[in-house]
Amino acid sequence: MNISKILLIARREFFHNVRRPSFLFAVFGTPLIVAISLILSIGLSSDEKNLSEFAPVGIVDASDAHVLAARLNPQDSPVPFVYLDDRAAADQGMEDGSIKSFIEVTPQYMQTGRINLYTRSNAPEPLYDAINSLMLEHLTAGVNNQAALNLVREEPEFDVTVLEGNRTFGPDSIFFVAFLPIIFGFFLVMSSVTTSSFLMSGLVEEKTNRIMEILVTSVRPMELLIGKLIGMCVLGLLQVVTLLAAAYIGISIANQQNILSGFSLPPDLAVLALVYYFLSYVLLAAISICIGAIVGSEQESRQLSAIMILPVMIPYLAFFTFLLDPNGTLPVALSLIPVTAPMAVLMRVGLTNVPLWQILVSIAGLIVVNGFVLWLSARMFRWGVLNTNKMPNLRRIIQIIRGRAPASAPSQPKTEAA
């Protein structure tokens, strides 16, 4: 086996596909779209809504205990408060525009803690915070212990530790801890599907354009197969490294802007992402080679590749099962099945502490299945390297696997009789 020829083929595969618009979009466009979507969603749901739409805020104290009898007005409040005598005065103020929203402290406030807020549109979070501060100011007016007052008025600082996951993070980053592995799993699987589809479409194109007939005169089929696998694997790893770097930069910026509270990219997640990406890519690439070897047209390859993607996406169909019970029977079972293991394990990593034995079994299972599928793809590739005819039936495929099928020959172009 000629190593220099293998590396030459790998180099050609890499540079040919790295310039594809679809690959460039997958590497840079998709993460960019996700980042923009997250920024927009955070921005739309943030506390930046203009409070002037709700100020001044009228106050009607209908409580039996006259909680707001002192009529205090905190100096650091972002909105001005106007104390009113009754509900009728509040309605009149809303009508003439002297107030733009108002609260009504209910009669049973000391028992229920209920306050009614009246606005013309959905109120932003800072308005609720201002009202809470106002109520605290009145409820703690008779307390002389300044340290106790400060603790009551300030929101407590939480460091959340998930005992099963053995991770500590701030409350703002709970969502990211749970969903980052799920997002990672999706991108990794889609990356391996994308690059393996490049491999399959390239094989079909080279066969239909008769390029393969020229290649096999210079290199052995196995050299061609290994070179293509190496080139596409490096291409996929480039995509994964780019994704990990983008995630690291994004999380660092979010920490600097206080969007996330003390959250960092877990090293175990990054390592597992690389391991499972490599194994899932080899599996899908080997399956793609089998498909590319036996089909005779690109249309047939697309139909079969769509079927190939479905088993990989099964964990996403069971998303809520993973979310509610990540150590349940179905998530554990999908973590041990080689085709679904990469996405299933990565989805569980952020939600629970996945037992080490399950990770090792899933990796071992992937390695064994990869070895079998690579052996299978080598047989298919040797047989179908020049096949441009119709896809063989199941009986012929079994003969190919058992090594009893005659080697395929390129179809001859039809000629018309003179």
query = If S121 passes every condition in (1) hydroxyl-bearing (S, T, Y); (2) over 13 Å from L68 (Cα atoms); (3) surrounded by 16 or more Cβ atoms within 10 Å (Cβ to Cβ) but one, which one does it miss?
reply = (3)
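Here's the yes/no breakdown for (1) at positive phi; (2) modelled with pLDDT of 80 or more; (3) hydroxyl-bearing (S, T, Y):
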| site | (1), (2), (3) |
| --- | --- |
| V271 | no, yes, no |
| Y276 | no, yes, yes |
| C290 | no, no, no |
| A293 | no, no, no |
| V332 | no, yes, no |
query = Got at least one residue in the stretch 227-236 being under 27 Å from R348 (Cβ atoms), in contact with an Asp or Glu (Cβ under 9 Å, 6 or more places away or on another chain) and either hydrophobic (A, V, I, L, M, F, W, C) or modelled with pLDDT of 75 or more (or both)?
reply = no
task = Test each condition in (1) part of a helix (DSSP H, G or I); (2) in contact with a helix residue (DSSP H, G or I) (Cβ under 6 Å, 6 or more places away or on another chain); (3) modelled with pLDDT of 80 or more for L8 and report the one that comes out false.
result = (2)
ask   = Looking at S280, S218, which is the one that is at pLDDT 70 or above, assigned by TED's automatic domain parsing to the domain that holds G202, closer than 22 Å to I337 by Cβ and not aliphatic (A, V, I, L, M)?
value = S280
key: Meets criteria (more than 17 Å from R120 (Cβ to Cβ), assigned by TED's automatic domain parsing to the domain that holds L127 and not β-branched (V, I, T)) for P56   = no
message = On the basis of being surrounded by 17 or more Cβ atoms within 10 Å (Cβ to Cβ) and either at positive phi or of a type in the set (K, R) (or both), does R348 make the cut?
response = yes
inquiry  = Just to verify a result, which residue in the stretch 60-85, among those that are touching a residue at least 40 places away in the same chain (Cβ under 8 Å) and not in a loop (DSSP other than H, G, I, E, B), is nearest to the chain's Cα centre (by Cα)?
reply    = F81
key: Members of the stretch 86-100 found to be assigned to a loop (DSSP other than H, G, I, E, B) and either free of Cβ contacts under 8 Å to residues at least 24 places away in the same chain or among the hydroxyl-bearing types (S, T, Y) (or both), listed by number   = G97, S98
inquiry  = Filter the stretch 210-253 down to the residues that are of a type in the set (D, E, K, R) and in a helix (DSSP H, G or I) and list them by number.
reply    = E213, E223, K228
request  = Please find, within the stretch 68-85, the residue that is nearest to N116 (Cα to Cα) out of those that are of a type outside the set (S, T, N, Q) and out of contact with any strand residue (DSSP E or B) (no Cβ under 6 Å at 6 or more places or on another chain).
outcome  = D85
message = One residue is enough: does the stretch 101-111 have a residue meeting the conditions of a type outside the set (A, V, I, L, M), assigned to a loop (DSSP other than H, G, I, E, B) and in contact with an Asp or Glu (Cβ under 6 Å, 6 or more places away or on another chain)?
response = yes
ask   = Out of curiosity, is L360 modelled with pLDDT of 90 or more and out of contact with any helix residue (DSSP H, G or I) (no Cβ under 8 Å at 6 or more places or on another chain)?
value = yes
inquiry  = Checking M200 against (1) modelled with pLDDT of 65 or more; (2) in contact with a Pro (Cβ under 6 Å, 6 or more places away or on another chain), only one condition comes out false. Which one?
reply    = (2)
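The values are calculated or read from the model by the stated rules, or taken from the named source; none is laboratory data. Remember, predicted model here, so these are calculated numbers, not experimental data. Virtual Cβ from ideal backbone geometry, glycine too; neighbours counted across all protein chains shown.
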